[in-house]
Each structure stands twice: as C-alpha cells, then as structure tokens.
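> My structure is below; once you've seen it, I'll send some questions.
No lab work stands behind these numbers, since they all come straight from the coordinates. None of the values given here were measured: they were computed from a predicted structure. All Cβ positions, even for glycine, are placed from backbone atoms using ideal geometry, and neighbour counts span all protein chains on display.
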Ligand code: BGC
Ligand code: ZN
C-alpha cells in the first residue's frame with residue numbers, strides 16, 4: 001500500500017513509498033486494532049523532518065513514513081479489544097513507551113529516557129498511509145459529532161497537556177486562580193490553547209504578527225478571545241494596559257520569543273514552552289535582570305511535549321464543549337486539504353510556502 005515517507009537526514013526527500021499492509025497478526029495478544037486512515041494532518045514537525053533537521057527512521061529501514069495527526073475508522077479488532085469496535089471513528093496517540101517508570105504507567109509523554117519513540121517522527125512509522133494497526137491502549141475514540149474536526153485531535157492533545165501541566169505544577173501555590181493568560185502564536189497550537197483557556201474562564205490575549213482581520217483573528221474573536229497584533233502594539237505596551245500575565249504559553253516556533261516572554265510573566269506565574277525548535281538560532285537575553293526577577297517572583301518555566309491518552313481524552317471533551325460554546329468556529333482552523341496520498345508534493349509545498357495555511361491535511365480516503 002501507499003505511504004508518504006522521507007529519508008531522514010536527507011533534505012527534501014519526501015516521496016511515495018510502497019509498504020506492506022498491516023494485519024491484526026501483529027498483536028497475538030488479541031488487543032490489536034486495524035484502522036483505515038481517512039485523514040492525516042501535517043505540521044511544522046513534518047516540515048522539519050523533511051528539512052532533515054529532526055526525526056529518525058525505524059531501525060533497519062532507510063525511510064520514515066510521515067504523519068502523526070491521524071483520523072480514521074476502525075475496520076477490525078482483536079478478540080480482547082474493549083475500547084473500540086468496527087465502525088468507530090478514532091485517532092491514535094503518537095508516542096510509544098520506552099523503559100522508564102513513567103513509560104510503564106501510561107505517561108510515556110514524560111519518559112525520562114533520552115530516546116523516545118514517536119509514530120511518524122522518531123524511530124516508528126507514521127500514519128500517512130492507507131491502514132495502520134496498533135494496540136488498543138493507543139487508540140482513542142472520536143465522538144461521531146466531532147468527525148468534522150478530524151485531524152485536530154492530536155494538536156489538541158498537545159495543547160491540553162500543556163495547560164494541564166501548568167495547572168498541575170501550580171498546585172505549589174495552594175491557591176492559584178489565574179486571571180490573565182498570554183498565548184504567543186496564532187497557529188493551530190496557539191488557537192487551540194486559547195480555546196482551552198477561554199473555556200477555563202481566563203482573560204486570554206493571543207499574540208501574532210499579522211494585523212487583523214486575518215482568519216486567526218476571526219477565530220480568536222469567535223471564541224471571545226482578544227487578538228493582539230504585534231505590528232500594532234508591543235508586548236510592553238500590552239503589559240502596561242493589562243498587567244503581566246499569570247500564565248504564558250509560547251507556541252510560536254521561535255526560541256527568541258520563548259525567551260523574551262520571561263520578561264512579561266507576573267509573580268508566581270508559569271511560562272510554558274511548547275515549540276520544537278529544530279534549528280540552531282541563538283538569542284541574547286538580559287540574564288541578570290531575568291534572574292533576579294524570577295527569583296524574587298517565584299516564577300516557573302515549564303517545557304511540555306507530546307501527550308498521553310488522558311490528554312487526548314480531555315482535549316476531545318474541550319473540543320466538544322468548544323463546539324457548543326462557539327459553534328462552527330474551531331473547524332475554521334482546517335484550511336488546506338489535499339486530496340490523496342499521491343499529492344505529497346503539494347502537501348509539502350503548502351506546508352512550506354503557504355503562510356495562510358493554519359492546517360494542511362491529506363484526505364487519504366473516504367469511508
Ligand atoms: C507532535 C508531538 C511530538 C513533538 C516532538 C509534535 O509535532 O505533535 O506529538 O511529541 O512534535 O516530536
Ligand atoms: Zn505535531
């Protein structure tokens with residue numbers, strides 16, 4: 001069957017690869033689920049893998065099947081499977097466990113090992129193909145009523161984890177009721193994070209470069225957020241207007257912005273970094289000033305990567321609530337479909353060149 005793959009380490013090697021069809025025999029334990037792929041989303045990580053800045057092939061293969069944002073329908077299940085049944089819509093988690101204690105208890109997103117296994121990214125093939133099989137523990141059911149949001153489940157899980165982690169670490173405060181959040185970046189993760197924080201009742205300011213109106217600014221207003229264009233107002237001016245933030249989530253892909261935000265966090269606050277910056281840029285910071293302010297203000301910096309089953313499930317619940325609160329707004333993120341695996345070049349072109357693309361995804365098959 002067809003798959004979209006790259007040769008990791010070789011820039012711009014995206015190509016169509018022929019791979020064997022998976023079967024349930026891979027899971028003699030009876031817990032296997034065979035999924036027909038309907039749609040797969042791509043993001044900056046796929047671009048970085050194709051730029052040879054990131055990612056590795058599975059041992060023994062010289063190619064890596066791309067795709068970690070999956071949406072499909074269950075075709076067949078092993079005799080022990082209880083989580084899903086044929087006909088269910090599903091997505092799948094990305095990381096698979098290594099050997100640490102965290103991996104063993106289902107929190108593989110928190111592995112303490114240097115090596116991590118991620119489908120479509122590192123050491124495991126991804127979902128940009130016709131079918132895949134996996135253990136039911138990694139298959140997450142998508143409600144029928146959210147079918148139209150298909151490939152957003154995985155990005156939403158990463159946003160859900162970032163916010164959940166922030167609240168989790170802030171239990172150090174005994175009482176923490178954040179009022180103002182800054183979300184840096186109005187790409188998919190920025191938008192979905194803004195949604196989650198709005199649903200939690202915060203005042204959310206989402207920062208982006210472009211001047212409104214843009215699709216992102218429209219989506220932010222649609223979810224009662226505040227869109228701030230950095231072309232119109234500096235972060236310093238915003239801070240003068242609304243004060244420093246209790247919570248900042250950076251989702252810009254720019255390490256420069258990630259560090260700069262250390263200047264704009266309030267006392268006892270938390271700054272969350274979510275971007276995978278595969279490049280080699282460096283940035284200058286006022287380290288003495290930041291050091292003293294962070295010590296005197298008990299501030300916290302938190303990195304957040306990937307997501308486990310729990311975050312997929314909570315993300316899906318927030319998408320459902322988001323649809324009820326702000327009907328029709330979230331699906332506006334799904335901007336750029338490409339029809340069929342054969343269109344892999346067009347998929348990459350949109351990802352690299354089209355600045356208006358909030359979400360590029362491949363319509364792999366219909367039901
Ligand atoms: C994916 C995550 C993954 C991360 C690092 C992101 O694009 O969405 O699931 O953990 O890249 O590889
Ligand atoms: Zn991703």
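> Relative to 2.2 N^0.38 Å, what does the C-alpha radius of gyration of the chain come to as a ratio? Two decimals please.
Normalised Cα radius of gyration, the chain: 0.98.
> While we're here: Order these by the 10 Å Cβ neighbour count, fewest first: 96, 349, 171.
Placing the least packed residue first, the sequence is 171, 349, 96.
> By its C-alpha gyration tensor, with a ≥ b ≥ c as the square roots of the eigenvalues, how is the range 157-303 shaped: rounded for a/c under 1.5, else prolate for a/b larger than b/c, else oblate?
Since a/c stays below 1.5, the shape of the range 157-303 is classed as rounded.
> Evaluate the range 26-125: find the radius of gyration of its Cα atoms, find its Kirkwood radius, and give the ratio Rg to Rh.
0.99
> What do you get for the angle between helix 309-325 and the principal long axis of the chain? Use alpha-carbon atoms, 0 to 90 degrees, nearest ten.
Tilt relative to the chain: about 70 degrees.
> So, one more: Over the chain, what relative contact order in percent results from Cα pairs under 8 Å that are six or more residues apart?
19
> How large is the convex hull of the Cα atoms of the range 242-301 per residue, expressed in Å³ as a whole number?
79
> While we're here: Can you tell me the relative contact order of the range 88-179? Whole percent, Cα pairs under 8 Å, sequence separation 6 or more.
Reported relative contact order: 29 percent.
> Which order do the peptides 72-78, 311-317 come out in when sorted by mean C-beta neighbours inside 10 angstrom, highest first?
Those peptides, ordered most packed to least, come out 311-317, 72-78.
> Further question: Could you state the angle between the C-alpha long axis of helix 344-353 and the longest principal axis of the C-alpha atoms of the chain, as a value from 0 to 90 degrees rounded to the nearest 10?
For helix 344-353, the angle is close to 10 degrees.
> Suppose a student asked you for the relative contact order of the range 157-303, using Cα pairs under 8 Å spaced at least 6 residues apart; what percent would you report?
Computed over the range 157-303, the figure is 22 percent.
> Of the candidates 147, 131, 244, which one comes out as most mobile in a Gaussian network treatment of the chain with C-alpha springs shorter than 10 Å?
Highest fluctuation of the listed residues: 147.
> Using alpha carbons only, how many angstrom separate the centre of the range 293-363 from the centre of the range 22-50?
Their Cα centres are 18 Å away from one another.
> Same structure, new question: Between helix 188-199 and the chain, what is the angle of the helix's C-alpha long axis to the longest principal axis, kept within 0 to 90° and rounded to the nearest 10?
Roughly 60 degrees between the two axes.
> I'd like to compare 151-157, 293-299, 61-67, 13-19: which one has the highest average count of other Cβ atoms within 10 Å, and what's the full order after that?
151-157, 61-67, 13-19, 293-299
> Then there is this: Post the alpha-carbon centroid distance, the range 74-120 to the range 215-289, in whole angstrom.
So the two Cα centres are separated by 32 Å.
> What percent antiparallel are the DSSP beta bridges of the chain, to the nearest 5?
Here the antiparallel bridges make up roughly 50 percent for the chain.
> Could you list 200, 119 so that the one with the fewest beta carbons within 10 Å of its beta carbon is first and the one with the most is last?
200, 119
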